[in-house]
Amino acid sequence: MYKVPENYFFRLHHARPRFKNDIESVLLYFASACSSLGELSVREYMAKLNSWIMLYPGNDDKT
């Protein structure tokens, strides 16, 4: 069985239940966000991705 080398491994999570009715839009939104961020340090990437998550329509009042 093929094993992804550690330096290329990135753990992905399944969409949360609140997104289940809009999964195609959510996946497109986050794929676009991830690809637009470019190469950053882990800390910068996480901060910018979290800000994109907060900008997703309907997330502005969620915690």
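Close contacts from segment 23-46, counting a first residue that is without any contact (Cβ under 8 Å) to a residue 12 or more places away in the chain and a second that is assigned to a helix (DSSP H, G or I), with Cβ to Cβ under 8 Å and a gap of 6+ residues or different chains, come to LEU40/LYS48; TYR45/LEU37. Does segment 11-34 contain any residue that is exposed (fewer than 10 other Cβ atoms within 10 Å of the Cβ) and at pLDDT 85 or above? Within segment 11-34 (the criterion being exposed (fewer than 10 other Cβ atoms within 10 Å of the Cβ) and at pLDDT 85 or above), the answer is no, since none of the residues qualifies.
The values are calculated or read from the model by the stated rules, or taken from the named source; none is laboratory data. Owing to the predicted nature of the structure, the values given are computational and were not obtained by experimental measurement. Backbone-built Cβ (ideal geometry, glycine too); neighbour counts: all protein chains shown.
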